[in-house]
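Report on the following structure.
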Amino acid sequence: MIGVSPQTLDSMMADEWQYITRDSIARAADHLKLSAEKVFEFVPVNFWEPIHQANQCTFLRGSQDSEGFFTDFSIPGLDNQATHEIEEYLRTDSLRFIYADRKREIEELLELARTKNCIVIGGSKSNAATEVLLSKFFDAEPFDSSEPNRQKIPFGFCYGGDDTIVKESSLTCSSMAREKTKDSPGIALEGVHVPSDYREDEEDYFTADIKKGTDAGLVFVANRPFKTTENVKLIVVAGFTGIGTVGACRALIKDFRYLEPLDEESCVYGVVKVTYSKKARDKNRTFKKYEWIYRKGGHLPINRNQK
């Protein structure tokens with residue numbers, strides 16, 4: 001044996017470690033007769049550079065009405081939490097934050113994404129900018145629920161219910177995806193389904209004491225989106241529900257090194273499984289942890305193929 005526990009070695013091999021001591025790394029490297037250059041891959045990452053160079057970041061958040069447009073409604077609390085966490089992470093004396101909460105036309109949103117560093121917070125049910133910018137990025141039309149249009153987008157939010165936003169959204173799962181996932185709620189993409197157990201209108205969910213609930217969150221990153229020549233970044237963190245958005249935010253902050261598109265890539269996107277807890281007769285959910293289930297592009301892509 002090399003003096004490192006099997007659990008530590010397993011976590012190192014599976015890239016699921018929280019921290020590894022220098023002694024554990026040294027013992028493993030010595031046993032394998034490897035130098036530091038063989039153990040570590042040194043990859044320069046300038047993920048936040050466009051934001052810091054411009055000293056500017058535009059947060060796009062907002063609610064939709066039944067027609068799929070922005071309203072002046074308040075921002076959901078968990079979307080606010082995710083915004084605050086990113087804001088605190090990026091905060092410098094000269095960094096400016098511009099909040100775009102009011103109704104905006106599609107072309108105005110596209111122009112913002114072409115000229116400003118934009119971080120879009122919240123799923124398509126709580127934020128029209130998510131619907132518009134992700135649809136347009138994949139050459140789909142927002143608020144168009146036709147099957148050919150939906151299938152242009154490589155991921156989908158499998159919402160239940162028949163409200164107007166769900167029925168008209170281009171980001172709602174196609175019928176093919178719904179069939180493959182047996183109409184289970186969550187986020188589906190390329191043979192992977194990350195489920196959510198949130199049930200907004202069911203009394204048994206509200207009254208339940210949940211120690212290990214699950215939700216899903218999408219992280220999307222593109223440099224110079226929509227063929228702009230400006231050195232700007234478009235980031236979307238969008239949960240199936242709000243706690244999924246918080247989890248996607250945590251994944252962005254912690255794992256941004258893996259989320260930088262490589263030179264030949266137009267974007268990086270992935271989905272995390274989010275675990276939360278909830279007390280009985282309480283709608284508030286508390287984030288516990290996240291786990292990457294799928295990540296396409298960037299450094300160290302992941303596909304756990306969880307059905």
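The values are calculated or read from the model by the stated rules, or taken from the named source; none is laboratory data. Keep in mind that what you see is a predicted model, and the values were worked out from it rather than measured. Glycine also receives a Cβ, built like all others from the backbone with ideal geometry; neighbour counts cover every protein chain displayed.
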*When only residues in segment 51-80 that are part of a helix (DSSP H, G or I), surrounded by fewer than 18 Cβ atoms within 10 Å (Cβ to Cβ) and not small (Gly, Ala, Ser) count, which is modelled with the lowest pLDDT?*
Asn80
*Flag if Thr241 is free of Cβ contacts under 8 Å to residues at least 24 places away in the same chain and hydroxyl-bearing (Ser, Thr, Tyr)*: no
*List the number of the failed condition for Pro154; all other conditions in (1) under 20 Å from Tyr294 (Cβ atoms); (2) crowded, with 16+ Cβ neighbours inside 10 Å hold.*
(2)
*Taking the condition in a strand (DSSP E or B), acidic (Asp, Glu) and more than 20 Å from Ile121 (Cβ to Cβ), does Glu291 pass?*
yes
*With respect to Gly242, is the statement that it is small (Gly, Ala, Ser) and modelled with pLDDT of 95 or more true?*
no
*Determine which single condition Ile187 fails, assuming it passes every other condition in (1) surrounded by fewer than 24 Cβ atoms within 10 Å (Cβ to Cβ); (2) in contact (Cβ under 8 Å) with a residue 40 or more places away in the chain.*
(1)
*Among the numbered conditions (1) among the polar types (S, T, N, Q); (2) under 11 Å from the mean Cα position of the chain (by Cα); (3) surrounded by fewer than 24 Cβ atoms within 10 Å (Cβ to Cβ), tell me where Thr228 comes up short.*
(2)
*Enumeration of residues in segment 251-272 that are surrounded by 21 or more Cβ atoms within 10 Å (Cβ to Cβ) and either of a type in the set (Val, Ile, Thr) or under 10 Å from the mean Cα position of the chain (by Cα) (or both)*: Ala251, Leu252, Val268, Tyr269, Gly270, Val271, Val272
*Only one residue in Glu200, Glu260 is at pLDDT below 95 and outside any strand (DSSP E or B). Which one?*
Glu200
